[in-house]
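Peer 1: One structure, as structure tokens, below. Some questions next.
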Amino acid sequence: MGRKRTLVLGTTVAGVTAATAAFGIAAAAPSNAATACGSLFDDFSYSSRTDPALSQRGWSIRTATGGPGVPGAGWRADNVAFPTVDGQRVAQLTARTDGTAAGTSHAEFSLSQRRFLAGTYLARIKFADTPVSGPDGDHVNQTFYTISPLAAPRDPSYSELDFSEYLPNGGWGEAGPINYQTSWYTYVPDPWYADNQHSQQVRSIAGWHDVMATVGDGHIRYYIDGALVGDHSGKVYPRQNMSIDFNQWFIDLAGRAAGSTAVWQQSVDYVFHAKNQTLTPAQAGAAVASYRSAGTAHTDTVTTAGDCTVITPQPTATTPRPPATTPPATTPPTTRPTTPAPGTTTWAPGVAYARGQVVTYQGARYECRIAHTSLVTWEPPNVAALWLPL
């Protein structure tokens, strides 16, 4: 998120073995999201950034210094507010610059607990092509993304999905307006090295837009207003839980003389996530409409556990759909075993494997890359992101 793209190495990784494919995740009706694996909906009906409910529900506003953005710039708590915009209470991010680092401030707020991976993500965002006041021309970045920490340079478990990075005036050597979707494998901050896959739209997206992504079955599919704009797969598929984040910041101060202050604003109407559910844009929109018609301003039943799967049989003319609470007979285990992995090194489903553990499967040896509970169809040859051939 928010790093220059002078070395984008992963743009042709579609042929790479799919990482941590979410086998067992299936398209399902929106109502199943909450009952089966958990869902998040927040329409940001907070009185202010100091509303106690904001932190109680897991949201945090950044004040720590550092990247991304202009070196020496600040991240201000009062750059996040909850006003009414176009008749709806929103989360609003403000970024300001007078052309100097000391006079530049960014905004970021996030659900910082890392518990989001496979599923559907949707936010309605108002992007801007011009500042609300002051001179135009800044390289500003208006975003919505999920992210995990980079443990070390080239960290192979690093996961980040940029659902939208909108640059109305360009940046990173590109002229604006341009919008990016980027799926990250890893990077090195200095000297800069990037390994990712990205899509882009070279057009304005000023105004309100539905920004959506589905993460499942080894693919990250990105949508703008219901239209598919990117389909990424292979090693860039996320490998660990992430936080949900929004921010607005300046890439640099290139071509900007010190002087009058420019004020940029990005607004977010709502955010929605259905865990382990690959919904269509119509289904996701219907889920949001259902929450709002019921007067639900907030719900969050998403847990950090990653072993929940949803398999929803499709109805046929001769076979009625079983009740949503009755899983099919072939449903893989959905709870972790109460005992550690058996002493044998033979791979088996329903076993909690630790990172570094070695197993054999069909005569070949594999080392566990990421701790997980095994499932049928997650055999070592099928999931290269979980198992390293030895």
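Peer 1: Can we say residue 100 is among the hydroxyl-bearing types (Ser, Thr, Tyr), outside any strand (DSSP E or B), more than 22 Å from residue 148 (Cα to Cα) and at pLDDT 95 or above? Full working, then the answer.
Peer 2: On the way: among the hydroxyl-bearing types (Ser, Thr, Tyr): yes; outside any strand (DSSP E or B): yes; more than 22 Å from residue 148 (Cα to Cα): yes; at pLDDT 95 or above: yes.
Yes: the conditions hold for residue 100.
Peer 1: Does residue 107 satisfy being hydrophobic (A, V, I, L, M, F, W, C) and either crowded, with 23+ Cβ neighbours inside 10 Å or in a strand (DSSP E or B) (or both)?
Peer 2: Working: hydrophobic (A, V, I, L, M, F, W, C): yes; either crowded, with 23+ Cβ neighbours inside 10 Å or in a strand (DSSP E or B) (or both): yes.
So residue 107 fits the description; yes.
The rows are residues; the columns are (1) part of a strand (DSSP E or B); (2) in contact with a Cys (Cβ under 6 Å, 6 or more places away or on another chain); (3) touching a residue at least 60 places away in the same chain (Cβ under 8 Å).
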position: 155; (1), (2), (3): no, no, no
position: 158; (1), (2), (3): no, no, yes
position: 161; (1), (2), (3): yes, no, yes
position: 165; (1), (2), (3): yes, no, yes
position: 187; (1), (2), (3): yes, no, yes
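Peer 1: What do you reckon, is residue 217 at pLDDT below 95 and under 19 Å from residue 238 (Cα atoms)?
Peer 2: Details: at pLDDT below 95: yes; under 19 Å from residue 238 (Cα atoms): yes.
Judged against the criteria, residue 217 is a match.
Peer 1: Oh, and also: For the range 361-374, name all the residues that are in a loop (DSSP other than H, G, I, E, B), closer than 18 Å to residue 238 by Cα and not small (Gly, Ala, Ser).
Peer 2: Looking only at the range 361-374, we keep the residues that are in a loop (DSSP other than H, G, I, E, B), and these are 362-363, 369-371, 374.
Subsequent filtering for residues that are closer than 18 Å to residue 238 by Cα retains 369-371, 374.
Those that are in a loop (DSSP other than H, G, I, E, B), closer than 18 Å to residue 238 by Cα and not small (Gly, Ala, Ser): 369, 370.
Results for (1) touching a Cys at 6+ places or on another chain (Cβ under 8 Å); (2) part of a strand (DSSP E or B); (3) closer than 19 Å to residue 244 by Cα, shown as yes or no for each residue.
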site: 48; (1), (2), (3): no, no, no
site: 53; (1), (2), (3): no, no, yes
site: 60; (1), (2), (3): no, yes, yes
site: 64; (1), (2), (3): no, no, yes
site: 67; (1), (2), (3): no, no, yes
site: 70; (1), (2), (3): no, no, no
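Peer 1: Pick out the one residue from 377, 330, 325 that is at pLDDT below 85, closer than 29 Å to residue 228 by Cα and either polar (S, T, N, Q) or outside the structural domain of residue 94 (by TED's automatic domain parsing) (or both). Outline the logic, then answer.
Peer 2: Values: 330 fails: closer than 29 Å to residue 228 by Cα; 325 fails: closer than 29 Å to residue 228 by Cα.
After ruling out the rest, the residue left standing is 377.
Peer 1: Here is a follow-up. Quick one: would you say residue 199 is in contact (Cβ under 8 Å) with a residue 24 or more places away in the chain, crowded, with 23+ Cβ neighbours inside 10 Å and of a type in the set (Ser, Thr, Tyr)? Lay out the reasoning, then the answer.
Peer 2: Working: in contact (Cβ under 8 Å) with a residue 24 or more places away in the chain: yes; crowded, with 23+ Cβ neighbours inside 10 Å: no; of a type in the set (Ser, Thr, Tyr): yes.
No.
Peer 1: Surrounded by fewer than 18 Cβ atoms within 10 Å (Cβ to Cβ) and either over 17 Å from the mean Cα position of the chain (by Cα) or on the phi > 0 side of the Ramachandran plot (or both): which single residue out of 168, 191 fits that description? Lay out the reasoning, then the answer.
Peer 2: Numbers: 168 fails: surrounded by fewer than 18 Cβ atoms within 10 Å (Cβ to Cβ).
Answer to the check: 191.
Peer 1: Hey, another quick one. Of all the strands (runs of 3 or more DSSP E) wholly in the range 224-304, which have at least 2 residues that are modelled with pLDDT of 95 or more and buried (at least 19 other Cβ atoms within 10 Å of the Cβ)? Spell out how you get there, then give the answer.
Peer 2: Values: elements: 227-233, 242-252, 262-275, 298-300.
Where strands (runs of 3 or more DSSP E) fall fully within the range 224-304 and carry at least 2 residues being modelled with pLDDT of 95 or more and buried (at least 19 other Cβ atoms within 10 Å of the Cβ), they are 227-233, 242-252, 262-275.
The values are calculated or read from the model by the stated rules, or taken from the named source; none is laboratory data. Computed from a predicted structure; not experimentally measured. Here the Cβ is made from the backbone with ideal geometry for all residues, glycine too, and neighbour counts use every protein chain on show.
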